[in-house]
Amino acid sequence: MNTIPHRWRFFRAGGFDQVRLDTAAELLAIGELDQKLWVALSCPVKGIEFDARTLAFVDSDDDGHVRAPELIAAVQWAGARLTNPAVLEQGLAGVPLAAIRDDDAEGARIAAAARALLSGLGDTSAFVSVDAASAAQAHFAEQASAAWEAAGAAAQPLGDGTAAAHAALAAVADKIDDYFVRCRLAAFDARAGSLLDAAEDALKALAAGPLTANAEAIAALPLARIAANAPLPLAAGVNPAWAARIAALRDAAVVPLLGSREALSEDDWQALRDKLAPYVAWLAAKPDPATQGDGVRELEKLARYVRDLMPLANNFVAFRDFYGRQGKATFQVGTLYLDGRSCELCVAVSDAAKHASLAALSRLCLVYCDCVRGAERMSIAAAFTAGDSDQLMAGRNGVFYDRQGRDWDATIINIIDHPIGLRQAFWSPYKRLARLVAEQLQKLAANKARQAETNLATAAFGAAKQAGAAAPKTAPVPFDVGKFAGIFAAIGLAVGAIGTALASVATGLFALKWWQLPLALVGVVLLISGPAMVLAWFKLRSRNLGPILDANGWAINARAKINIPFGTSLTQVAQLPADAERSLSDSYAESHAGLKWALAGLILLVLVAFVWLVRAVI
């Protein structure tokens, strides 16, 4: 029988088509979707913000990665275990009891475990939450432990003293068994009595040095003298190394269970063991806290799948949460606040250097930070997609907030510098020129300062010489007229060239009509800033999320682009609230009197030139 192929729906985001997974039918059909259309084919189970226990269930081979076949298998298993698969799309925090399919052996076990859990909790809602299902194992262990404790009353013939009796018996059981076996061999063959008793050579070896009752050589000897069918003495005649333990057995077990006696026959020994056998069996039956009842693990898995499979698929098959801006994606581990901005695209990294080698291909400006919170440490890579990178440098501090709202101290350790925005590219030539001029002025000022210090030192030296102070004799340097003439000629030539260039520019501007001046100004600006903006535009259009995630162990299967508008939304720049009151008065503002006069002169010059141009046109 031919089945009708599922009719898929797609949405466009990040420069590529992504499948819509809104309904249970769409989720259950992901096995039919060509995997070339999946955004990711594998993701790590660590370093992402998703329930680790759910990922452990999906990761069936326990290799630390969830792959496409494992996700498909998890979806198919959940669909097969539900009478109404529509619960997969409802965002429930667990699974309704009525939705559990119980018409096969596995389903019957899951349903039985659910009913037992709800009954034990006194819950009448007929709904198994993920928390309750996760606690089902502990609940089952508690019930098993309670049943075991109840059975223990009948297995303790001495009540509270049974444990001490069992401990005393267990301490000497092997040695007493050894004694009675030797006695039976002596009854079998008279020659064995002397051979299995303490050997004369062993006793001679003991006599050679100082002795203690607990010596290992003494403890290795039989409990008592070996004879055919001889009883075990409980007081006199016992090996000194074992005397205290035999006395403890007599007081804790033999007397309470068999009555007072001086020796213990082999039949008495067996009777004593038989009386404590129910207690031994009861101890052996103690339930393991990790043991799960039938269907308990499957119940927890089903509850988690109902809650988590749809969100997982929408962060795996598609990146709806990330590109839809409806919530944070699984790979977004928090928000970094630094340099007056908040960066939402933050991923956890285990090795910053290794991650950066691949993540640099993303064309994103990435800042790597070490985050510390008490004894906890982690590393992140944060993408800056708005503002500029002028104040981003290693050593700067910020605050990182993880998805649980906890704050971490963040320190920049490395930066991958790429264009952040067109505004930064527009101003970058002027900023570089300003830095160059500032550096040259600083060098000039430093040279002048050194020259002034030299002149001062020379003057001081001359004064000291006139005062009669001793000074080394140096030959005077003759004045080189040709050298100074060449320097002055070079300076004059440079000044003349600059003046000629300025005159040419001024002549060209004066030759323009008045309405052409703004166009000329725009042309000059584009000539300066245009190349940087064009280069930045190409880089910004090629920004790709894939290398950042691939460096973390993902298998990204699409060109997940981050265009300019979307990238800008991932970093928020500080802005005053819309209803904020702002005072522009600054008591400590710097004085700009000289700058004001210069600006006024420039405006006056522009006005004069404008009037001259108007008159020339008229």
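Throughout, read-outs are computed from the coordinates displayed, never taken from laboratory work. A quick note: this is a predicted structure, and the numbers were derived from the prediction, not measured. Cβ sites come from the backbone with ideal geometry, for glycine too, and all protein chains shown count toward neighbours.
Tell me, H418, H355 in order of fewest to most beta-carbon neighbours within 10 Å? Write out the running numbers ahead of the final one.
Values: H418 20, H355 24.
In order of increasing Cβ crowding within 10 Å: H418, H355.
Considering only DSSP states other than H, G, I, E and B, which chymotrypsin sites (Phe, Trp or Tyr not before Pro) in the stretch 1-79 qualify as loop sites with at most 16 other Cβ atoms within 10 Å? Show your work: numbers first, answer last.
Values: sites: W8, F10, F11, F16, W38, F50, F57, W77; in loops: W8, W38, F50.
Here the chymotrypsin sites (Phe, Trp or Tyr not before Pro) that fit, given the DSSP loop and packing criteria, are W8.
For I100, enumerate residues with amide H under 5 Å from its amide H, sequence gap 5+ or separate chain, H modeled in the peptide plane.
Here T83 satisfy the definition.
Compute the length gained on full extension between A220 and E453: take 0.36 nm times their separation in residues and subtract their Cα-Cα distance, giving the result in nm to one decimal. Intermediate values should be presented prior to the final figure.
Numbers: separation 233, 0.36 × 233 = 83.88 nm, distance 9.58 nm.
Result: 74.3 nm gained on full extension.
First measure r as the distance between the Cβ atoms of S125 and S350, then evaluate 1/(1 + (r/R0)^6) with R0 = 51 Å and state the FRET efficiency to the nearest 0.05.
Using R0 = 51 Å, I get an efficiency of 0.75.
Between R373 and R423, 0.36 nm times their residue separation minus their Cα-Cα distance comes to what? Mind showing how you got there, number by number?
On the way: separation 50, 0.36 × 50 = 18.00 nm, distance 3.56 nm.
That works out to 14.4 nm of additional length.
Calculate the spin-label point distance for L37 paired with K443, positioning each point 7 Å from the Cα along the beta-carbon direction, and give it in nanometres.
6.2 nm
Compute the FRET efficiency between D579 and F11 as 1/(1 + (r/R0)^6), taking r as their Cβ-Cβ distance and R0 = 35 Å, and round to the nearest 0.05.
On the way: r = 36 Å, r/R0 = 1.03.
About 0.45, to the nearest 0.05.
If each residue of separation counts as 0.36 nm, what is the full-extension length gain between L283 and R559 once their alpha-carbon separation is subtracted? The partial results should precede the final answer.
Details: separation 276, 0.36 × 276 = 99.36 nm, distance 6.15 nm.
Residue separation times 0.36 nm, minus the Cα-Cα distance, leaves 93.2 nm.
Given +1 on the Cβ of Lys and Arg, -1 on the Cβ of Asp and Glu, and no further charges, what dipole in debye does the stretch 259-403 carry about its Cα centre, rounded to the nearest 20?
Details: 18 positive and 19 negative charges, 147 e Å.
Magnitude of the dipole: close to 700 debye.
Please find the FRET efficiency linking D189 to D160, where r is the Cβ-Cβ separation and R0 is fixed at 51 Å, and quote it to the nearest 0.05. Walk me through the numbers before you get to the answer.
Values: r = 46 Å, r/R0 = 0.90.
Efficiency at R0 = 51 Å is approximately 0.65.
Counting other beta carbons within 10 Å of each residue's own, what order do K301, K443 fall into, fewest first? Please list the in-between numbers first.
Values: K301 21, K443 10.
Ranking K301, K443 by Cβ neighbours within 10 Å, fewest first, gives K443, K301.
For the stretch 159-284, taking Cα atoms only, what is the radius of gyration to one decimal and the Dmax to the nearest whole Å?
Taking only Cα atoms of the stretch 159-284, I get Rg and Dmax of 15.6, 48 Å.
Which ordering of D274, D160 is given by a fewest-first count of other beta-carbon atoms within 10 Å?
Numbers: D274 10, D160 7.
Starting with the residue having the fewest Cβ neighbours, the order is D160, D274.
Going down the table (K36/K301; K46/K301; K443/K539), which pairs top 25 Å between alpha carbons? Let's see the in-between values first.
Working: K36/K301 29 Å; K46/K301 19 Å; K443/K539 35 Å.
Pairs exceeding the cut-off: K36/K301; K443/K539.
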